[in-house]
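Everything on this sheet refers to the single structure shown next.
The values are calculated or read from the model by the stated rules, or taken from the named source; none is laboratory data. Treat the numbers as computed from the prediction; the structure is a model and nothing was measured. Ideal geometry is used to build each Cβ from the backbone, glycine not excepted, and the neighbour counts take in all protein chains shown. Areas reflect the complete protein model, heavy atoms only, side chains present, ligands, DNA and RNA absent. Shrake-Rupley method; radii C 1.70, N 1.55, O 1.52, S 1.80 Å.
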Amino acid sequence: MRASLPDSNSAREFYFAALLARSEEGWEASDVDLDDVETMGDLVSVAREVAVADHPVLLFIEQEDRWFSVVRLDGAETPRIYVSDAASAADSSCGALLLTELRGRERPSSMVGPVHGPIGDTAVLEDLGVSAADLLSLEVDALADLAEALEAAANLPGETAPRVGLPRHP
C-alpha cells in the first residue's frame, strides 16, 4: 500500500508498506496503514492484528527509493528489525522510530550498522531462506525480491512484481 506520513516539518513522506502473516497454508498478505503509528508499540499492534497463532508476521516498509526495512514478530518476542540505510531512514518519522528502537537494544552478533548503511538484525529472515548476505545485497525496491524468495509474491497487494533472483526457500 502506498501511503504517506507527516514528517516533523509537516511535509508528507511517501512509503510502501505491506504485512505478510504466516499461517498453516502459507503467507497471507495485507495492506497496512501506518498513518496513525507514532510509537513502536503502535507498530507492533498493527502487525499483531494479522498474526496467526505464533507464526511470524513480517512488516515491509520502503520509502521513496531511499531505504527499506523488515520488522519481524514471532509470538510474544521483541520485534526483530533490519533497516537498509540508517542515514536515509533517520530523515523520516517511521525510519527514526525504527532506529530509536534499534539503538536502544543490546547488539546481537547478527546486528550491523553504525550511522550510515544498514543497521539491525541481518539474520531476520535467515530461517525463512533469505541469508544475511542476500539481505545486505538488496538496495531499494526490495519488497518484491524478498516476497519472491519467501514464495509470497503472488499474495502481495498491488502491482509488485519480482525483478531479481534471490534464492527461493525450498
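Can you confirm whether Gly26 is touching a helix residue (DSSP H, G or I) at 6+ places or on another chain (Cβ under 8 Å) and either modelled with pLDDT under 90 or of a type outside the set (D, E, K, R) (or both)? In short, yes. Can you tell me which residues in the range 22-48 are assigned to a strand (DSSP E or B) and open to solvent by 40 Å² or more (accessible area, probe 1.4 Å)? Within the range 22-48, Arg22, Glu28, Asp31 qualify.
Being open to solvent by 40 Å² or more (accessible area, probe 1.4 Å), among the small types (Gly, Ala, Ser) and modelled with pLDDT under 90 is a description that applies to Ser10. Applying a threshold of 6 Å to beta carbon distances and a minimum spacing of six or more residues, or different chains, the list of pairs starting in the range 56-75 at a residue that is closer than 19 Å to His116 by Cβ and ending at one that is small (Gly, Ala, Ser) and open to solvent by 10 Å² or more (accessible area, probe 1.4 Å) reads Arg66/Ser88; Trp67/Ser84; Trp67/Ser88; Phe68/Ser84.
This table checks each residue for (1) of a type in the set (Phe, Trp, Tyr); (2) at pLDDT 90 or above; (3) touching a Leu at 6+ places or on another chain (Cβ under 7 Å).
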{"site": "Asp85", "(1), (2), (3)": "no, yes, no"}
{"site": "Ser93", "(1), (2), (3)": "no, no, yes"}
{"site": "Val112", "(1), (2), (3)": "no, no, no"}
{"site": "Asp141", "(1), (2), (3)": "no, no, no"}
{"site": "Ala154", "(1), (2), (3)": "no, no, no"}
{"site": "Pro167", "(1), (2), (3)": "no, no, no"}
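Each row is one residue, and each column tells you yes or no for (1) surrounded by fewer than 23 Cβ atoms within 10 Å (Cβ to Cβ); (2) farther than 17 Å from Val124 by Cα; (3) of a type in the set (D, E, K, R).
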| site | (1), (2), (3) |
| --- | --- |
| Val50 | yes, yes, no |
| Ala53 | yes, yes, no |
| Ile61 | no, no, no |
| Asp65 | yes, yes, yes |
| Thr78 | yes, no, no |
| Ser84 | no, no, no |
| Asp91 | yes, yes, yes |
| Leu99 | yes, no, no |
| Arg105 | yes, no, yes |
